[in-house]
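Accompanying notes for the structure given below.
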Amino acid sequence: MVVAVVLNWNRGDDTAAALASLAGIETICVDNGSTDGSADELAVRFPQVELIRNDSNLGFAGGNNAGIRCALERGADWVLLMNNDAVAGEGLAAALERAATARPDAGLLACKVLFEDGATVMYAGASFRPLLGYSGRRVGFGGPDRFHELHDVDRADGAAMAISRAAIDRAGLLDETLFLYVEDVDLSLRVRAAGFAVVFVPDAMVRHKGSASTGGSASTTNMYYSTRNTIAVVERQRPLPPGLRALRRGIVVATHLAQAATHPARGAASRAVIEGWRDARAGRLGQRSSR
């Protein structure tokens, strides 16, 4: 099993720690249009890492796709996508290799994602219901790590997930029209539809800061993209007649408005949800408009 890791960023604050944790693993780092001088600094500190410099921010999907293509050209059988604000746990590549051997039907390997304390779970599996447009609460979220068995899950988490060359050949790359958020759900659904399993690998662990690339917990960017892209993905994956489609959109919006009610910037978060709904209705995808 040949693994190449792709990191994708447009701010360099956390990337050095991520790269240091991947020592000894072939790594490709995608500079997604950063302007803070971090690319030059990282090139000096990590000369063994291949650096791809995008002229502009292509989003999570576009940036990672550039790295995936490079990894495949290098001959990688599997490509691990890891957020730049994540730190790899010991033995990450070996754990993925064991899982790929144990589960040759797997097309996506979902890493266990812990909070920065290394003990509290952020992701240990997750469900997704396309009929309702509902992404269930991530398994184990906010609790102690008690997840130690390899098993199938509905979807991987984009903070750290590995995809096989075979799955890419059948299911394709990340959807660049989504730009940011929900690409992991979309990819998981397409990989499963192509006949592969999505498998949770408990020994493949990362510690994740979360939301660093979109401004942290005070940002409402995630509320916009999550609303818009959830609607877009379920309407592609599970089309419904107009009346039921409108009802499902209402469920997606209501779910996100409930989340917005607990957001530090409640009013702005609610407005971001409504904007996401409007853009989904109008078919406006890609990077969020500045209008």
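Can you find a residue that is surrounded by 19 or more Cβ atoms within 10 Å (Cβ to Cβ), touching a residue at least 40 places away in the same chain (Cβ under 8 Å), in contact with a helix residue (DSSP H, G or I) (Cβ under 9 Å, 6 or more places away or on another chain) and under 22 Å from ASN8 (Cα atoms) anywhere in segment 121-135?
No, the conditions are met nowhere in segment 121-135.
For segment 152-164, how many residues are surrounded by fewer than 24 Cβ atoms within 10 Å (Cβ to Cβ) and either free of Cβ contacts under 8 Å to residues at least 40 places away in the same chain or more than 17 Å from ARG98 (Cα to Cα) (or both)?
Number of matching residues: 3.
Taking ALA212 as the residue in question, decide whether it is under 15 Å from the mean Cα position of the chain (by Cα), small (Gly, Ala, Ser) and modelled with pLDDT of 95 or more.
No.
So which pairs qualify, if the first residue must be in segment 92-105 and assigned by TED's automatic domain parsing to the domain that holds ASP152 and within 13 Å of PHE200 (Cβ to Cβ), the second must be modelled with pLDDT of 95 or more and not hydrophobic (A, V, I, L, M, F, W, C), the Cβ gap must be under 6 Å, and the two must be at least 6 apart or on different chains?
ALA95/ASP203
Quick one: how many residues across segment 137-153 are within 30 Å of ARG248 (Cα to Cα) and either among the hydrophobic types (A, V, I, L, M, F, W, C) or over 16 Å from the mean Cα position of the chain (by Cα) (or both)?
Of the residues in segment 137-153, 7 are within 30 Å of ARG248 (Cα to Cα) and either among the hydrophobic types (A, V, I, L, M, F, W, C) or over 16 Å from the mean Cα position of the chain (by Cα) (or both).
Any idea which of ASP169, ASP184 is free of Cβ contacts under 8 Å to residues at least 40 places away in the same chain, crowded, with 16+ Cβ neighbours inside 10 Å and not in a loop (DSSP other than H, G, I, E, B)?
ASP184
Mind listing whichever residues of segment 1-42 are modelled with pLDDT of 90 or more, crowded, with 17+ Cβ neighbours inside 10 Å and small (Gly, Ala, Ser)?
The answer is ALA18, SER21.
Which one of these is in contact with a helix residue (DSSP H, G or I) (Cβ under 7 Å, 6 or more places away or on another chain), among the small types (Gly, Ala, Ser), closer than 23 Å to ALA61 by Cβ and modelled with pLDDT of 95 or more: GLY283, GLY276?
Only one candidate qualifies: GLY276.
Condition first: within 17 Å of the chain's Cα centre (by Cα), of a type outside the set (Lys, Arg) and within 16 Å of ASN83 (Cα to Cα). Can you find one or more residues in segment 220-242 that meet it?
Yes; the residues of segment 220-242 include at least one that is within 17 Å of the chain's Cα centre (by Cα), of a type outside the set (Lys, Arg) and within 16 Å of ASN83 (Cα to Cα).
Among the residues of segment 43-52, is any surrounded by fewer than 16 Cβ atoms within 10 Å (Cβ to Cβ), within 23 Å of ARG170 (Cα to Cα) and of a type in the set (S, T, N, Q)?
No: zero hits.
What is the residue count in segment 35-75 for residues that are of a type in the set (D, E, K, R) and in a helix (DSSP H, G or I)?
Residues in segment 35-75 being of a type in the set (D, E, K, R) and in a helix (DSSP H, G or I): 5 in total.
If you check PHE196 against the conditions, is it crowded, with 20+ Cβ neighbours inside 10 Å, over 30 Å from SER34 (Cα atoms), touching a Leu at 6+ places or on another chain (Cβ under 9 Å) and in contact (Cβ under 8 Å) with a residue 12 or more places away in the chain?
Considered against the rule, which asks whether it is crowded, with 20+ Cβ neighbours inside 10 Å, over 30 Å from SER34 (Cα atoms), touching a Leu at 6+ places or on another chain (Cβ under 9 Å) and in contact (Cβ under 8 Å) with a residue 12 or more places away in the chain, PHE196 comes out as yes.
Please work out if GLY142 is of a type in the set (Gly, Ala, Ser) and either closer than 20 Å to SER226 by Cβ or buried (at least 21 other Cβ atoms within 10 Å of the Cβ) (or both).
The answer is yes for GLY142.
Looking at (1) crowded, with 16+ Cβ neighbours inside 10 Å; (2) assigned to a helix (DSSP H, G or I), which is the one condition that is false for LEU174?
(2)
Starting from segment 62-90, take each residue that is within 21 Å of LEU178 (Cα to Cα) and list its partners that are of a type in the set (Phe, Trp, Tyr) and surrounded by 24 or more Cβ atoms within 10 Å (Cβ to Cβ), counting only C-beta distances under 8 angstrom and pairs at least six apart or across chains.
Close Cβ pairs satisfying both conditions: GLY63/TRP9; ASN84/TRP9.
The values are calculated or read from the model by the stated rules, or taken from the named source; none is laboratory data. This one's a predicted model, so the numbers in the text were calculated from it and none came from an experiment. Every residue, glycine as well, gets a Cβ built from its backbone with ideal geometry; the counts of neighbours run over all protein chains shown.
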